[in-house]
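The values are calculated or read from the model by the stated rules, or taken from the named source; none is laboratory data. Worth saying up front: this structure is predicted, and the values here are computed from it rather than measured. Methodologically, a virtual Cβ is constructed for each residue, glycine included, from the backbone with ideal geometry; neighbour enumeration extends over all protein chains shown. Only protein heavy atoms, including side chains, enter the accessible area calculation; ligands, DNA and RNA are left aside. Shrake-Rupley method; radii C 1.70, N 1.55, O 1.52, S 1.80 Å.
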Amino acid sequence: MVLLLIVACLGITTLLTFLFAPYIRNYAAGGVCKSTARLEGKTVLITGANTGIGKETALDLARRGARVIIACRNMTKGAKALASIQAACPSAQVEVRELDLADTSSIRAFAQKFLQEVSQLHILINNAGVMMCPYMKTIDGFEMQIGVNHLGHFLLTSLLIGLLKRSAPARVVVVSSMAHNFGWIRFHDLHSQGSYNSGLAYCQSKLANVLFTRELARRLKGTNVTVNSLHPGTVNSELTRHSTLMTILFTVSSIFLKTPQEGAQTSVYCAVAEELHAISGKHFSDCSPAFVAPQGRSEETARRLWDASCENLGIEWD
């Protein structure tokens, strides 16, 4: 009897899911960027845009006429992404450059060459990221998630901020996550050397994204360079590749998840929406202002993280 009841419940659930699938998909898709802004003459740099929402963001901005530079670690995947974008938009001005955010030497080399060859930068999208990977370190000894998701982008932005200021009006877009709500900055053990939980380390790195956005916005006041962070939504992408459980859950529940194109909408919105031209230091989701956890609103924590980041990277950024 119990088995028959379970089978009946599963059958009813499956039937309801099938019947309401179009409505579920419409709800899951979330907000859409409605801006028709054109970007001819503008230069965009997107990290990790060889796949997922980064690739879709690159395609959208290329269709708007921008020169789009994809910065990624895997040049083979970058070349495939380039071919895919050019196939979808033959007029696209897109190029791929090598950048490994897990290696500060690579970041410095990338920035040095970029500054020599690119005269303007109007939009920087810090999109690349790793999620819930096994404990590992970057080339410089940083825990991988805080190293790539936060410190790598912190260093890259510091090296390019002068060009952004000279190209103003300009924007910095930081792809964070709602996971920041569950994060805390462990200043006593930033690199999880005492203990490591892949999920908590990811949440810490995403909170760091929000705090970095807040502090950078404060420091950029009066420069005509804005910076905002965003939660792209729960997207069916390669980001879960390090977690078998998450991969299975995402596969089973794919109807409830955003596609990469849908997940890219808020990134595009923050990059082009006319109404955000003077908005800075805010957080968005589904192309609308989003909630920020109390620990993400702390100016003291943001400043302390800024100083700790500079110390870890061995730089001064006033």
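Observations on the model:
- Filtered residues of region 165-174 (kept if touching a strand residue (DSSP E or B) at 6+ places or on another chain (Cβ under 6 Å) and either more than 18 Å from Lys282 (Cβ to Cβ) or hydrophobic (A, V, I, L, M, F, W, C) (or both)): Lys165, Ala168, Ala170, Val172, Val173, Val174
- Long-range neighbours under 9 Å by Cβ, at least six apart or interchain, first residue in contact (Cβ under 8 Å) with a residue 24 or more places away in the chain and under 20 Å from Val225 (Cβ atoms) within region 281-304, second surrounded by fewer than 20 Cβ atoms within 10 Å (Cβ to Cβ) and among the aromatic types (Phe, Trp, Tyr): His283/Phe291
- Any hit, region 105-119, residues being within 14 Å of the chain's Cα centre (by Cα) and aliphatic (A, V, I, L, M): no
- Screening Ile85 against (1) exposed (fewer than 14 other Cβ atoms within 10 Å of the Cβ); (2) free of Cβ contacts under 8 Å to residues at least 40 places away in the same chain leaves a single unmet condition, (1).
For every residue, the table says whether it meets (1) surrounded by 15 or more Cβ atoms within 10 Å (Cβ to Cβ); (2) not in a loop (DSSP other than H, G, I, E, B).
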{"position": "Ser91", "(1), (2)": "no, no"}
{"position": "Ala102", "(1), (2)": "yes, no"}
{"position": "Ala109", "(1), (2)": "no, yes"}
{"position": "Gln112", "(1), (2)": "no, yes"}
{"position": "Gly147", "(1), (2)": "yes, yes"}
{"position": "His153", "(1), (2)": "yes, yes"}
{"position": "Thr157", "(1), (2)": "yes, yes"}
{"position": "Ile161", "(1), (2)": "yes, yes"}
{"position": "Leu164", "(1), (2)": "yes, yes"}
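- Scope region 185-196; condition part of a loop (DSSP other than H, G, I, E, B) and open to solvent by 20 Å² or more (accessible area, probe 1.4 Å); matching residues: Ile185, Arg186, His191, Gln193, Gly194, Ser195, Tyr196
- One residue stands out in region 166-184 among those that are of a type in the set (Gly, Ala, Ser) and open to solvent by 10 Å² or more (accessible area, probe 1.4 Å): the one that is farthest from Leu216 (Cα to Cα), namely Ala179.
- Residue in region 284-298 that is in contact with a strand residue (DSSP E or B) (Cβ under 6 Å, 6 or more places away or on another chain) and of a type in the set (Gly, Ala, Ser) present: yes
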